[in-house]
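Everything below concerns the one structure shown next.
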Amino acid sequence: MRGARIIGTGRALPPRVVKNEELTRCMDTTDEWIVQRTGVRERRYAGPGTGSSHLGAEAARKAIARADISPADIGLIVFATLSPDYFFPGDGVLLQEMLGMPTVGALDVRDQCTGFLYGLSVAEAYVKGGFHDYVLVVGAEVHSPGLNFSTAGRDVAVIFGDGGGAVVVGPAEPGRGILSTHLHSEGKYAKELWVEVPGFLERPWVTHELLDAGKHFPKMNGKYVFAHAVRRFPEVIREALGKNSFSVADLSLVIPHQANLRITQAVGAALELPESKVFSNIERYGNTTAASIPIALDECIEQGRIREGDLLCLAAFGSGFTWGSTLIRW
Ligand SMILES: CC(C)(COP(=O)(O)OP(=O)(O)OC[C@H]1O[C@@H](n2cnc3c(N)ncnc32)[C@H](O)[C@@H]1OP(=O)(O)O)[C@@H](O)C(=O)NCCC(=O)NCCS
């Protein structure tokens, strides 16, 4: 079987920078609390009329240009987001239209913070299997309109930001590029980090009462999420290494989903990796869910932090719970 590798990356961040200080004006919080507990100093918020499809499309254009192909060469679109422009249809078809692509398949992925890795695994399989030469994988979020900016929602609101990232996956010689992907889920924790409404369990599916009760805002059991994340990240990174007969010492760089700086630091400590080998940019963007890994990857490439031959591990954990890892020989 042929290999599959990432041949182009791109990112799109809305221009509006929102510092912690701005949030202290609408909720009971402080810059110190946010920095100490989450590592976030600022994040980006998209303006009205900009959805995750737009950020995804901008990132995708850059990734396709970097891959030195044209949108017409893409055989399949995979779009991961928990904040689509519409309840349906998903962002994938919107991106197909925005990029003027042929009528290729557009698959929407709903695996939250692990969404990009789920999407990447689809691209990996299609390209390795020879079904398509080029698959576009996008992760993009516009969280800001859906956050509760009152004190009741401060635990979640301070963490999340908007952004988009994309990669093009293309063919590679065997043994190069994406070596393996490892995906997991544990639905018994679905309600520990979720948005309950609108959902089709309700009759009618959305009411003033549900909205007045704030059921359309994300709810998070922060301590619970933290405890599971710091266990699952190292576990699934070790799983990827073990599967390919590598050890932690072989890793050039880990790019974790940017959940929270304390989680990233705990993962580095658990694996006994120096700080320089665990990428972090959460202080500038917050947690951008499905977008965080492709944004980080694009920045790493731009900063020259990834060189040919490097062993790279992408890893994520989030709502579902879902978690996963992808091991790459760059
Ligand atoms: C959310 C998180 C930062 C909270 O930190 P924590 O140390 O667990 O804090 P606690 O939950 O013990 O809350 C401590 C206090 O701070 C308060 N608090 C929560 N958010 C706050 C904020 N933004 N500003 C000020 N105080 C806040 C809480 O209400 C609580 O007050 P109380 O003691 O009066 O009830 C932490 O649980 C966490 O990082 N969880 C993982 C979140 C994450 O990564 N999510 C994304 C997963 S993909």
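Listed values, structure above:
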item: Order of 37, 307 under a 10 Å beta carbon neighbour criterion, fewest first; result: 307, 37
item: Residues 52, 292, 247 arranged by fewest to most Cβ contacts within 10 Å; result: 247, 292, 52
item: Convex hull (Cα only) mean projected area of the chain, reported in nm² to one decimal; result: 16.1
item: For segment 75-219, Kirkwood radius (reciprocal of mean inverse C-alpha pair distance, Å); result: 17.1
item: ³J(HN,Hα), Karplus 6.51/-1.76/1.60, whole Hz, each residue of segment 125-131, x for Gly, Pro; result: 5, 5, 6, 4, x, x, 6
item: Charge dipole magnitude, Cβ of K and R +1, D and E -1 - the chain, Cα centre, debye nearest 20; result: 460
item: Alpha carbon convex hull of segment 161-208, projected area averaged over orientations, nm²; result: 7.0
item: Two-site label geometry, residue 2 and residue 211: point separation in nm, points 7 Å out along Cα→Cβ; result: 5.1
item: Fluctuation leader among 42, 58, 209 - the chain, Gaussian network, Cα springs under 10 angstrom; result: 209
item: Cα gyration tensor shape of segment 1-136, rounded if a/c is under 1.5, else prolate or oblate by comparing a/b with b/c; result: prolate
item: Charge-dipole axis of segment 149-234 as Lys and Arg at +1 and Asp and Glu at -1 on Cβ define it, positive-most pick from 220, 230, 171; result: 230
item: Rg to Rh, two decimals, where segment 67-155 supplies the alpha carbon set and Rh follows Kirkwood; result: 1.07
item: Whole-angstrom gap from segment 21-39 to segment 290-329, using each part's C-alpha centre; result: 27
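Read the figures in this text as sums done on the coordinates, not as results from a lab. Keep in mind that this is a model prediction, so the values were computed, not measured. Note that we place each Cβ from the backbone using ideal geometry, even for glycine, and neighbour counts take in every protein chain shown.
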